[in-house]
Structure formats: structure tokens, C-alpha cells
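> Handing you a structure now.
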Amino acid sequence: EWSKIWHVIGDHFNKVGCSPNEEVAVFAVDSLRQLAMKFLEKGELPNFRFQKDFLRPFEHIMKNNRNNVIRDMVVRCIAQMVNSQARNIRSGWNNIFSVFHIAAADQDQAIVELAFQTTASIFDQYFAVIGDSFQDAVKCLSEFACNAAFPDTSMEAIRFIRRCANHVADNPDKFAGDDNNQEAIWVKGWFPVLFELSCIINRCKLDVRTRALTVMFEIMKTHGNSYKVSLVEGPLQHRIQNIRPHEDGRSDP
């Protein structure tokens with residue numbers, strides 16, 4: 001019932017939150033924040049996905065409103081939710097990492113720094129509760145690493161991706177599922193880590209690319225026995241082969 005109602009309300013927030021009138025957009029985002037906080041306080045039952053519905057307008061506004069005041073406000077709203085309601089967030093983690101993924105590519109220092117600080121706090125304090133959003137989290141870190149305007153953040157993001165690899169190695173059961181599917185550990189755990197590192201290597205400047213390459217090879221050397229070599233064949237193998245010519249840095253963009 002609520003989903004049907006929210007379909008109408010959410011679409012209204014999408015439109016009003018992207019209004020060219022800044023005051024209107026601010027009012028819309030603040031109203032959305034208040035509603036979202038009330039919903040988060042109630043938590044979410046297993047197998048329900050209502051959090052994804054009522055947090056989706058934040059994604060839409062962040063993606064389509066280029067006003068830095070509004071974008072900063074959206075990031076601050078999401079940061080507040082993480083800081084105060086992280087234990088109640090379930091399906092909403094996908095939306096949260098999506099908002100921060102968009103913020104990670106921004107050129108406004110305040111937006112990028114707050115988004116990354118909040119992302120870092122998730123890894124430091126709430127990593128165990130992000131559940132099925134692990135792939136979204138790694139993808140978000142990759143986007144931070146690829147923002148050439150903030151090299152320190154790039155290096156820190158790569159460090160967190162390395163921690164993600166350690167998390168997969170230390171907690172394979174979380175990725176294997178109840179049926180102990182060993183292939184799922186690769187698909188849900190190792191593949192996102194190695195794939196996003198390969199994206200960084202192919203997109204970034206020499207210093208960041210070199211660091212990502214070093215981390216990738218360290219992960220393969222340390223944890224290569226954790227997955228079958230045959231699973232690497234395919235898209236990831238193709239990307240790894242493509243990055244080999246870049247190792248000496250001669251084709252640095």
C-alpha cells in the first residue's frame with residue numbers, strides 16, 4: 001500500500017527537488033529528509049525493499065540538479081542518516097552508495113570530502129551491516145579514486161578497496177550464502193574488487209594507477225588461492241591483459 005502511495009509522492013519530490021528555484025528545491029530536500037528519517041527510525045523487515053523507494057529521490061536530485069547548494073544539502077542529509085540510523089538501514093544502502101558515487105565525481109571539495117568522510121565511517125563502523133551492497137560500496141570507492149582533482153582522496157579510496165579484499169578473504173561465508181556457493185564468493189566478492197581496481201588503472205593518472213596496480217597484484221599474490229583460476233577468465237581477464245602495456249606509465253594520459 002505504501003509503495004503505491006510513495007510512487008506518486010516520490011515522483012513529486014523528484015520534480016520539486018530539481019526545481020530551478022533554489023528555495024523550492026531546499027524546501028523539498030528538507031521535507032524529504034524529515035520523511036526519510038521517520039521511515040528509517042522504524043527499520044525494515046527482511047525481504048522488504050521500501051527503503052530503496054523512499055531514498056531514491058535523493059539519487060534523482062543528486063544526479064539531475066547541478067546546483068551545488070542542493071547537491072551539498074543532499075550529501076549532508078544522507079550523511080545524517082548514516083550517522084544516526086545506520087543500524088536500521090537495510091535495502092537503503094544501495095541508494096546511499098549511489099548518492100556518494102555521484103558525489104565522488106564532483107569538483108566541489110566540500111561535497112567530495114563530506115561524501116568520502118561518510119563513506120569511510122561506513123567502512124570503519126558499519127561495514128558488517130551493509131549486506132548485499134558490497135559491490136555498490138566498492139564501485140563507490142572506485143569513483144572516489146578516479147577523481148583527479150583530489151589525489152589524497154584517491155589514494156585513501158584505494159586503501160579502502162584493499163580492506164574490502166581482506167574482508168572477502170576473512171568472511172567468505174557472507175558471500176557464499178546458505179548453500180555455500182563457492183562461485184558466489186568470486187562473483188559477489190573478489191570480482192568487484194579486482195574489476196574496480198582495473199577500472200582505476202585504466203582511467204586514472206600515473207601515480208594513482210600505479211598504486212592501484214600494486215594493490216591489485218598484492219591481492220592476487222596474497223589471496224589468489226582463494227578462488228579458482230578458471231573464474232578469472234572472461235571480462236576481468238580481458239581487462240587485466242589490456243592494462244599490461246600501461247605498467248611502465250608510457251601511455252599515461
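> Could you grab the pairs with beta carbons closer than 8 Å, sequence gap of 6+ or different chains, first residue in segment 109-126 and closer than 10 Å to V82 by Cβ and small (G, A, S), second one open to solvent by 10 Å² or more (accessible area, probe 1.4 Å) and assigned to a helix (DSSP H, G or I)?
If the second residue must be open to solvent by 10 Å² or more (accessible area, probe 1.4 Å) and assigned to a helix (DSSP H, G or I), the pairs left are S121/N83.
> Out of R211, R244, R239, which single residue is among the basic types (K, R), open to solvent by 30 Å² or more (accessible area, probe 1.4 Å), assigned to a helix (DSSP H, G or I) and modelled with pLDDT of 70 or more?
R211
> I would also like to ask the following. If the requirement is being acidic (D, E), closer than 18 Å to K139 by Cα and either in contact with a Pro (Cβ under 6 Å, 6 or more places away or on another chain) or touching a residue at least 24 places away in the same chain (Cβ under 8 Å) (or both), which of these qualifies: E218, E196?
Details: E218 fails: closer than 18 Å to K139 by Cα.
Step by step, each of E218, E196 is checked, and only E196 is acidic (D, E), closer than 18 Å to K139 by Cα and either in contact with a Pro (Cβ under 6 Å, 6 or more places away or on another chain) or touching a residue at least 24 places away in the same chain (Cβ under 8 Å) (or both).
> So which residues in segment 18-47 are in a loop (DSSP other than H, G, I, E, B), under 23 Å from the mean Cα position of the chain (by Cα) and surrounded by 11 or more Cβ atoms within 10 Å (Cβ to Cβ)?
Across segment 18-47, the qualifying residues are C18, G43, E44.
> Within segment 132-148, is there a residue that is small (G, A, S) and loosely packed, with under 14 Cβ neighbours inside 10 Å?
Looking only at segment 132-148, we keep the residues that are small (G, A, S), and these are 133, 137, 142, 145, 148.
Checking the rest, the ones that are also loosely packed, with under 14 Cβ neighbours inside 10 Å come to 148.
Within segment 132-148, one or more residues are small (G, A, S) and loosely packed, with under 14 Cβ neighbours inside 10 Å.
The values are calculated or read from the model by the stated rules, or taken from the named source; none is laboratory data. Quantities reported herein were computed from a predicted structural model and do not represent experimental measurements. No Cβ is skipped: glycine too gets one built from the backbone with ideal geometry, and neighbour counts run over all protein chains shown. For the accessible areas, the whole protein counts, side chains as well, though only heavy atoms, and no ligand, DNA or RNA atoms are used. Shrake-Rupley method; radii C 1.70, N 1.55, O 1.52, S 1.80 Å.
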